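Have a look at the structure below, then the notes.
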C-alpha cells in the first residue's frame, strides 16, 4: 500500500506533509505517473493507494491526476458501495482483468460521483494513530464509535509507528522513536510488529489487512517477513528495493482482503 497526503497550491495538487511550505514532494500527477509506469511493468502485482485528504477537498479534486497519469485504466471499481468481506475479488481475478489498483481516501469521498475512490472508513478501521504506547493496543480509533460487531466485519490498518512526545516552545509534538526502530519493526519481542500482528489476530479473529510502519527498511526486511508470515508465504527477498519487484507471489485463490500489506508512506501523515 502507498500512502500520500495531498494539498492544492495555486490550483495544482501537490503531495505535502501538513503544509507544502514544510515538505513538498511534487505534484500528484507526476507521482502517479511513476506509479502507473510501475503497474504497467508488473502485470502480476496488485497495489493499494490511500489518499490522505487532510484539507477535506472535494473528491473530484483528485480525479484529473489519476486520469492524466495513466493510472485510471488499472483502477478497480467495486460493483456496489457496501462490499462485504466476502464480496471482494480474488487477486487472480484482479490480475486477469488488470483492475490491479485499489484507491481509498479517508475523507470527502462520494462513490456516487467517483465510484473508484473508495471511502476508507466504510471498508476499514484503524488502530490508534501516532501511537506512543509500546504495547500497541489493537483497538479501534477511527472511525469513532464503531461497534465491535461492525469492526469484525471490516478490514483494518494496524498503526505500528512508535512516537515520542516532545515539548517545544510550549507546544507538544510527536516525533518517530528512532532509537527503538529495530525493536519496533522486529519479527518478535515486546513492542515488535510481529507480536502486534499476533495480538491483533487473537483479538479480532483475523490479522491486520495493512501494517503501517515507519522506516520500513530498518530491520533488514523484518516488516515484510511479518507480512509474509500472515500471508502464509515465505519471505526470502533482500531488503529493500534491491530487486525489480518487491511483490510476493501469492498462489491460489486468495481474496484481495486476505493479502496483508505493508504501508509505505510517500509522506508520513
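Observations
- Out of 231, 201, sole residue that is out of contact with any strand residue (DSSP E or B) (no Cβ under 8 Å at 6 or more places or on another chain), at pLDDT 95 or above and within 23 Å of residue 83 (Cα to Cα): 201
- The residues in region 46-74 that are under 30 Å from residue 206 (Cα atoms), out of contact with any helix residue (DSSP H, G or I) (no Cβ under 7 Å at 6 or more places or on another chain) and free of Cβ contacts under 8 Å to residues at least 60 places away in the same chain can be counted, and the count is 2.
- Long-range neighbours under 8 Å by Cβ, at least six apart or interchain, first residue at positive phi and exposed (fewer than 12 other Cβ atoms within 10 Å of the Cβ) within region 218-245, second in a loop (DSSP other than H, G, I, E, B) and modelled with pLDDT of 80 or more: 241/217
- Among residues of region 129-143, those that are without any contact (Cβ under 8 Å) to a residue 40 or more places away in the chain and assigned to a loop (DSSP other than H, G, I, E, B), counted: 8
- Only one of the listed residues (42, 7, 17) is surrounded by fewer than 17 Cβ atoms within 10 Å (Cβ to Cβ) and within 25 Å of residue 212 (Cβ to Cβ). That residue is 42.
- Per-region count, region 134-168, residues under 17 Å from residue 198 (Cα atoms) and surrounded by fewer than 17 Cβ atoms within 10 Å (Cβ to Cβ): 5
- Selection within region 73-97 - surrounded by fewer than 16 Cβ atoms within 10 Å (Cβ to Cβ) and closer than 18 Å to residue 33 by Cβ: 73
- If you check 263, 267 for being surrounded by 14 or more Cβ atoms within 10 Å (Cβ to Cβ), at pLDDT below 80 and assigned to a loop (DSSP other than H, G, I, E, B), only one passes: 267.
- Residues of region 166-203 satisfying the condition of being farther than 11 Å from residue 222 by Cβ and in contact with a helix residue (DSSP H, G or I) (Cβ under 8 Å, 6 or more places away or on another chain): 177, 190, 191, 197, 201
- Exactly one residue out of 158, 150 is in a strand (DSSP E or B) and either touching a helix residue (DSSP H, G or I) at 6+ places or on another chain (Cβ under 8 Å) or more than 20 Å from residue 48 (Cβ to Cβ) (or both), and it is 158.
The values are calculated or read from the model by the stated rules, or taken from the named source; none is laboratory data. Worth saying up front: this structure is predicted, and the values here are computed from it rather than measured. Here the Cβ is made from the backbone with ideal geometry for all residues, glycine too, and neighbour counts use every protein chain on show.
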